[in-house]
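Down below is the structure, laid out as structure tokens.
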Amino acid sequence: MMRRAMRIFLFSTLLILLAACSSNDESSESKEMSSDDREMSNVVSSDADSEAESEAVTEEASESETKAPVVATERMIIHQASLSVNVKELDKAQSNIEQKVEQYGGYIVESNVFQEDDQTSSGKMIVRIPEKNFEKFLVDAEEEAAEILERNVTGQDVTEQYVDLESRVKSKRAVEERLLEFMSKAQKTDDLLKISADLATIQEEIEVMVGKMKYLENQTSFSTIELTMYENRVVVPEIESKELNTWEKTKKQLATSTNSILSAGSALIVFFIGNLPVLVILGAIGFVVYVVIKRRLRQEHKK
């Protein structure tokens with residue numbers, strides 16, 4: 001019995017040892033396989049770094065643009081007005097308008113005067129007035145008029161357009177900073193060339209948008225007013241003393257009539273003296289004909 005028990009104990013111990021060895025082998029194999037997987041993933045990631053670095057610029061640009069905040073601002077209105085009026089004195093009205101423009105801190109864009117005829121003249125002025133003085137200037141301009149023919153005031157709200165440009169510029173600025181950062185870290189020539197091209201495009205877009213923003217700021221800070229003025233006056237003709245010089249006109253008329261008579265007499269003298277031979281011959285022929293006719297008439301009376 002003791003031998004049999006010893007055999008069973010030894011057999012059990014042997015089975016336990018075999019099981020322990022097999023578990024150690026499996027754990028070592030799993031460790032080797034996990035280390036191999038890490039090496040493979042490192043290789044793959046190192047190969048993809050160069051491609052991911054070039055794509056990172058575009059991804060950062062899109063993320064920056066989507067994350068850009070919308071900035072709230074005051075309402076921006078572009079005001080324009082056109083005014084047509086009749087005035088009593090065009091020169092005086094234009095002078096007063098120019099003084100008002102200077103008083104309100106504006107400037108004259110265009111100023112013209114047209115003389116259509118002796119009774120009608122007109123003037124056209126285009127002025128830019130600060131937005132805060134827009135209504136005041138219109139009232140002052142209407143006070144210079146004897147009659148208002150036409151008044152037209154318009155306004156264009158560009159607030160949304162300006163806010164959109166402002167937010168886009170901020171987004172582009174953020175992209176520009178990221179591109180400059182990538183450029184400082186880039187080591188490959190291809191990456192530098194691509195980043196430089198993207199940076200030039202972004203900077204050009206920023207300049208265009210900033211220019212549009214400045215234009216909108218100028219248009220909203222100054223209002224444009226087109227003023228047309230007409231002057232209609234009655235012209236009274238003046239009496240000229242030259243037209244009443246009777247004595248001079250009489251002497252002139254006498255000289256003219258005398259010259260006409262002398263010219264006619266001179267023409268008759270020239271005609272008779274110049275044609276005297278012809279007239280003598282014609283007179284002789286006429287005399288002979290007269291004598292012949294007279295004799296025949298006498299003979300007929302005797303019979």
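Numbers for the structure displayed
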item	result
The range 204-228 residues that are closer than 17 Å to Glu110 by Cα, paired with ones that are part of a helix (DSSP H, G or I) and among the small types (Gly, Ala, Ser) (beta carbon under 9 Å, 6 or more apart)	Ile225/Ala141; Leu227/Ala141
Of residues in the range 177-215 being assigned to a helix (DSSP H, G or I) and of a type in the set (Lys, Arg), the one farthest from Asp164 (Cα to Cα)	Lys185
Matching strands (runs of 3 or more DSSP E) fully within the range 75-155 where at least 1 residues are under 30 Å from Lys212 (Cβ atoms), acidic (Asp, Glu) and within 28 Å of the chain's Cα centre (by Cα)	107-115
Top-ranked residue in the range 186-216 [being of a type in the set (D, E, K, R) and modelled with pLDDT under 90; ranked as farthest from Glu131 (Cα to Cα)]	Lys188
Subset of the range 104-131 [surrounded by fewer than 13 Cβ atoms within 10 Å (Cβ to Cβ) and touching a Phe, Trp or Tyr at 6+ places or on another chain (Cβ under 9 Å)]	Tyr107, Thr120
Selection count where residues are at pLDDT below 70 and outside any loop (DSSP other than H, G, I, E, B), scope the range 230-245	4
Residue in the range 186-193 that is loosely packed, with under 13 Cβ neighbours inside 10 Å, over 24 Å from the mean Cα position of the chain (by Cα) and of a type in the set (D, E, K, R) present	yes
Conditions (1) surrounded by fewer than 16 Cβ atoms within 10 Å (Cβ to Cβ); (2) at pLDDT 80 or above; number of the one not met by Leu227	(1)
Residues that are assigned to a helix (DSSP H, G or I) and basic (Lys, Arg), drawn from the range 285-303	Lys294, Arg295, Arg296, Arg298, Lys302
Number of positions in the range 138-195 that are among the β-branched types (Val, Ile, Thr) and farther than 30 Å from Leu90 by Cα	7
Sole residue being modelled with pLDDT under 85 and in a helix (DSSP H, G or I), chosen from Leu282, Leu268	Leu268
Condition met for Ser171 (touching a helix residue (DSSP H, G or I) at 6+ places or on another chain (Cβ under 6 Å) and hydroxyl-bearing (Ser, Thr, Tyr))	yes
Single residue of Val153, Val169, Val158 found to be among the β-branched types (Val, Ile, Thr), surrounded by fewer than 16 Cβ atoms within 10 Å (Cβ to Cβ) and under 30 Å from Ser223 (Cβ atoms)	Val153
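The values are calculated or read from the model by the stated rules, or taken from the named source; none is laboratory data. Remember, it's a predicted structure, so these values are computed and weren't measured experimentally. A quick note on method: Cβ atoms are made from the backbone with ideal geometry, for glycine too, and the neighbour counts reach across all protein chains shown.
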